[in-house]
1. For segment 42-51, just list the computed ³J(HN,Hα) in residue order, Karplus coefficients 6.51, -1.76 and 1.60, θ = phi - 60°, integers in Hz, with x standing in for Gly and Pro.
2. Pick from D146, D201, D181 the residue whose mean-square fluctuation is largest in a GNM of the chain, springs joining Cα atoms under 10 Å.
3. Go ahead and set up a Gaussian network model of the chain, Cα springs under 10 Å, then flag whichever of K289, K126, K19 fluctuates most.
4. Ignoring ligands, DNA and RNA, what accessible area per residue does the chain give at 1.4 Å, in Å²?
5. My understanding is that a pair violates if its Cα-Cα distance is over 24 Å; which of K19/K302; K26/K300; K56/K176 do that in this structure?
6. R29's amide H: which non-local residues (gap 5+, or another chain) put their own amide H closer than 5 Å, with H modeled 1.01 Å from N in plane and none for Pro or chain starts?
7. Anything in the chain that counts as a DSSP H helix reaching 15 Å or more along its axis (C-alpha) with Kyte-Doolittle mean of at least 0.0? List them, would you?
8. Pulled fully out, how much extra length does the chain show between S109 and L286, if you take 0.36 nm times their separation in residues and subtract their Cα-Cα distance?
Amino acid sequence: MNRPPLLRVENLHKAFELKGSFLSKKKERIHAVNGISFTLAAGETLGLVGESGSGKSTLARLVMQLLPADQGEVTFLGQPLSGLSFSEMIRHRRAMQMIFQDPQDSLNSRMTVEDIILEPLDIATKPSRAQRAKELARLLELVGLDVRVKSRFPHEFSGGQRQRIGIARALALNPKLIIADEPVSALDVSIQAQVLNLLKDLQERLGVSYLFIAHDIHVIFFISQKIAVAYLGQIMEQGSRDTIRDRAGHPYTQVLLDSIPKPDPAQAQQLQGVQGEIPSLIQLPLGCKFHPRCPRVEEKCKGLEPLLQPLRGDSAHLVACHFPLEAR
């Protein structure tokens with residue numbers, strides 16, 4: 001018998017209203033998330049990839065209930081989160097934590113490493129001095145830092161070390177789910193690899209699940225078992241890492257794949273058929289949201305929005321395209 005997923009996201013929508021100018025009272029809306037659905041199993045990593053403006057960070061905040069959804073539901077550990085009281089949500093949030101993009105901005109510069117890492121524990125359980133010392137040593141060991149750094153401040157560390165401190169803080173309450181919002185994009189490439197390897201090691205040791213958000217599909221391939229490709233607040237394609245890498249069905253996914261640097265310049269391909277910039281989130285395109293930039297666009301794409309559905313009978317590989325790549 002299959003166990004229920006750790007996290008279920010169903011048809012999430014979120015728009016932000018813009019105030020009209022003095023001369024114009026018309027109010028416009030930024031459509032950030034437009035019907036996203038997925039599931040995440042215990043001990044699994046789902047990589048969410050897409051350009052800036054794809055709604056990835058907004059989705060992270062909707063899952064954490066830091067923003068209210070306009071429509072849809074987030075279910076965590078079998079419990080729908082939208083109807084929970086403030087105190088009930090605090091208890092659930094102990095099992096779901098975030099790692100942020102820029103460790104320099106997400107760490108309080110006036111707090112020591114000890115106070116930063118143990119702040120969630122202090123709020124939730126009020127541990128004794130001996131318990132604090134034991135937990136601090138455990139968390140610093142998990143992320144590869146020496147306990148002697150506990151009295152130092154964030155500015156005394158490199159970017160990679162600061163991100164390790166942020167990871168230790170996220171682990172303080174032993175969460176079942178960590179939402180990592182572009183956690184390595186602010187780091188040098190060599191440091192990125194170290195942090196990614198650390199996250200994979202922590203998953204093996206602790207069984208934690210990740211919703212891992214990035215714009216770099218190369219990073220997503222390294223860390224994820226499942227991948228969802230986002231564009232203009234929607235999922236264009238979803239499937240296993242190997243399926244997305246080897247049998248991509250959506251033209252937008254292929255664009256992201258073509259952007260991966262090739263070791264042999266002779267094998268490098270120019271990006272083909274990517275027209276212009278990502279459209280406005282205020283006035284979304286009709287039909288398929290990718291059609292203004294798609295090299296394979298046909299008349300049907302401009303008026304009828306494709307459904308996210310199995311490709312070639314594979315229920316684990318979903319594509320929202322009228323003319324998927326494997327269909328021709």
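The values are calculated or read from the model by the stated rules, or taken from the named source; none is laboratory data. Remember, it's a predicted structure, so these values are computed and weren't measured experimentally. When we count neighbours, we look across all protein chains shown, and the Cβ atoms used for this are built from the backbone with ideal geometry, even at glycine. Ligands, DNA and RNA are stripped out before the accessible areas are found, and what is left, the full protein with its side chains, is counted by its heavy atoms. Shrake-Rupley method; radii C 1.70, N 1.55, O 1.52, S 1.80 Å.
1. 4, x, 10, 10, 9, x, 9, 10, x, 5
2. D146
3. K19
4. On a per-residue basis, the chain sits at 51 Å².
5. Among K19/K302; K26/K300; K56/K176, the Cα-Cα distance tops 24 Å for K19/K302; K26/K300.
6. Correct list: L18.
7. 113-125, 189-206
8. Full-extension gain reported as 59.1 nm.
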